[in-house]
Amino acid sequence: MSLKARAQEKVERAGISNYSFDQDVLVMCGVRYTIKACTCGEPECDGVQLLKSASAMGTLLQ
Ligand SMILES: [Zn+2]
């Protein structure tokens, strides 16, 4: 399963349906999250991390 598919699963499991993908970036409520593989090795880990990325909004909305 691709990282993107795992991220999608994670978000849907959290009950969030209002999201979209911009290339490989997950966008929720206008916030962009970089999708990263998680290597913590925890048994309950879904293997994916969502990192809030520094938004470009500030520069876009000036
Ligand atoms: Zn992990």
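Extension gain for the segment Q23 to A5, taken as residue separation times 0.36 nm less the Cα-Cα distance, is 5.2 nm to one decimal.
Of the residues A37, S20, A54, the one whose Cα sits farthest towards the positive end of the charge dipole of the chain is A54 (charges of +1 on Lys and Arg Cβ, -1 on Asp and Glu Cβ, taken about the Cα centre).
Only DSSP H runs of four or more residues enter the estimate; each adds -39500 (n - 2.57), and after division by the residues of the chain the mean residue ellipticity at 222 nm equals -6500 deg cm²/dmol. Taking the Cα centre of the chain as origin and assigning +1 to Lys and Arg Cβ atoms and -1 to Asp and Glu Cβ atoms, the resulting dipole is close to 160 debye. Where does helix 3-13 land angle-wise versus the long Cα axis of the chain, in degrees 0 to 90, nearest 10? Helix 3-13 sits at roughly 90 degrees to that axis. Relative to the compact-globule estimate of 2.2 N^0.38 Å, the Cα radius of gyration of the stretch 3-55 comes out at 1.09.
Any read-out appearing in this document is the output of simple, stated calculations on the displayed coordinates, not a laboratory observation. Keep in mind that this is a model prediction, so the values were computed, not measured. FYI the Cβ positions are ideal-geometry reconstructions off the backbone, even for glycines, and counts take in every protein chain you see.
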